[in-house]
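Below is one structure, written out as structure tokens, with a few remarks after it.
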Amino acid sequence: MQNSSLPGTQAGKRTAYESLCDNFSFENERSLLDGLPQGGLNIAHEAVDTHANSGLAQTVALRFIAKGNTVKEYTYSDLQKETSRFANVLRGLGIAKGETVFTLLGRQTELYIAALGTLKNVSVFCPLFSVFGPEPVFQRLSRGGAKVLVTTTAFFEKKIKQLLERLPALRFVLLTNAEKHVDAKALSLRQLMAEASEQFAIPDTSPDDPALLHFTSGTTGMPKGALHVHNAVLFHYITGKYVLNFRPGDIFWCTADPGWVTGTSYGIIAPLVNGVTNIVDEEEFDAARWYAILEEQRVDIWYTAPTAIRRLMRMDIKPRERYDLQNLRLILSVGEPLHAEAVRWGEKMFDRPILDNWWQTETGGIMIANFPFMQVKPGSMGKPLPGVEAAVAEITADSFRVIDEPGQQGHLVLRKGWPSMFRAYLHDEERYRKCFHDDWYITGDLAKKDADGYFWFVGRADDIIKTSGHMVGPFEVENVLMMHDAVAEAAVIGKPDPVIGELVKAFVVLKAGFATGEALQMDILGFARKKLGAAVAPKELSFINELPKTKSGKILRRLLKARELHLPEGDLSTLELG
Ligand code: AMP
């Protein structure tokens, strides 16, 4: 992998962005990646081995800041050995190419080693968010056909043991902090790692071999498993270079958890492929801690999310007065709309705008961005990556038309074929097929494009909730609420919240014989929290006599939301009840 120069200057009258697009080709970029010695492309080879075998062997690849502030570092050479050990552990257990390895871990070293070791073994890696309760964990492990789960003894006791009978395909649970094997299924990862060789030759890997599985939420049905392939690494490399603007020697911090796609694509792969030092903080958000990390770690590039930015904006801290942030070159945001006000706040506080970019689980990498070398229009998501064609389309039940006129609202669509595009929803070909119209992938978002080619986010085209930057499918939450003895029916919406974007709000119809009241309200909320975990569970609950439904029986969440927010109720021609 070499680092080609950025389009920092204007060539003639072309802007830097236009020159980048003029000169861009995926083939050229691919030629800058190493590739496996025997041919083929493997994410872990590009992220780890290629650097460990070159001049970056002694460069710090990962620097972990643990809860108690202790710091642990892995050079590219260390990481090569550890990930090879993990790959050998999998091989020794008979875990084959294409089989799925899950983690249920906080942001600790084992998660990162397991991710890259799994990719070396050409098995499929799926990280789960550690705050999930047993139900979301079960849904994902069973839908993803988990063969191995890496977790802690505490999570094993609290969340996994109760699920084992329902997960017959799960062959091994590798416990990160068990000194000894527990039984034939629950094994000590430490013991296995200690016995494993640090040499591992990555087997043949085609760019189209499955590599990563990320679950995302749908409005109907259970979470969808979006499958990504090894070729995605090409796009992680490209976006790392042009959007995150990695330069040799950079220190990078992505605050996202690998349980969500940003934390894997940009919290693991992109920085390592580009050979920089990647900071991982085990702790959750804390303004003083975060500013201290930016200062002490001399972070050059900081990739975060609107929820965190909004939290920082509400605090009375002027970061540059208290902290030495002279290294901080770029601040980027993803996951939700970044309002113009936040971009300007960044300018005032850090002397640079916060660069918003747009993508989603299915796209595997950043699709639309405010590039560091381009004029930022505060409130806009920016322009498509070179090699990516984005458009706004008018879509009806029987027509599809790309809208050429600027300023018109429509569905955000992407011409298919970029390297990190998802290749399947696991076990759901029909759903996958429905995401496409001819050559276009339909993102599920509504947007506008202005006369200068900048894209502006309008909203989701469906009922999916974005809370603290995380997608929550109403159906998954409703399902759990219905498991409560008192609940006959449930519907869930996203209610706008100034800090977390949207909060999950539930409406519940009680079974006959149950009376509404604060005690029952708390009981149902507590029940949901225990089963779903805090990240997904509703924070508010109202009792309702009947849910509004369409004539075909579908819950009209949109109407519940309009009523909750005192907005116009829209077309009610299909309304049956409520
Ligand atoms: P996820 O698949 O969880 O990464 O969520 C993807 C969704 O988050 C997108 O389809 C958008 O609805 C939303 N999203 C991500 N980035 C942005 C952004 N920069 N502006 C507005 N919405 C965004």
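Segment 215-258 and segment 365-413 have Cα centres lying 19 Å from one another.
Going by a ≥ b ≥ c, the root eigenvalues of the Cα gyration tensor, does segment 464-565 fall in the rounded group (a/c under 1.5), the prolate group (a/b larger than b/c) or the oblate group? Note, shape of segment 464-565 comes out oblate. Distant-in-sequence amide contacts of THR75, defined by a placed amide H-H separation under 5 Å and a gap of 5 or more residues or a different chain, comprise ALA61.
Remind me, what semi-axes does segment 61-111 give for its equivalent ellipsoid, largest first in whole Å, using sqrt of 5 times each Cα gyration tensor eigenvalue?
Details: eigenvalues 121, 42, 11 Å².
Working from the Cα gyration tensor, I get semi-axes of 25, 14, 7 Å.
Ignoring lysines fewer than eight residues from LYS13 along the same chain, the ones with Cα atoms less than 22 angstrom from its Cα are LYS377, LYS383. Along the Cα-to-C-beta direction of ALA96, a point sits 7 Å from the Cα; which residues of segment 133-163 have their amide N less than 16 Å from that point? From segment 133-163, the list is 145-148.
If you take the Cα atoms of the chain, find Rg, then find the Kirkwood Rh from the mean of 1/r over all pairs, what is Rg/Rh? Present the calculation step by step, with values, prior to reporting the outcome.
Details: Rg = 23.7 Å, Rh = 24.7 Å.
My calculation of the ratio gives 0.96.
Note on THR361, THR264: ascending count of other Cβ atoms within 10 Å places them as THR361, THR264, the fewest first. In summary, the lysines within cross-link reach of LYS554, defined as a Cα separation below 26 angstrom excluding same-chain residues under 8 places away, comprise LYS224, LYS434, LYS466, LYS495, LYS505, LYS511, LYS531, LYS539.
None of the figures in this text is laboratory data; all of them are computed from the coordinates on show. Just so we're clear, the structure is a prediction, and the values are computed from it rather than from any experiment. Using ideal geometry, Cβ is built from the backbone for each residue, glycine included, and neighbour counts are taken over all protein chains shown.
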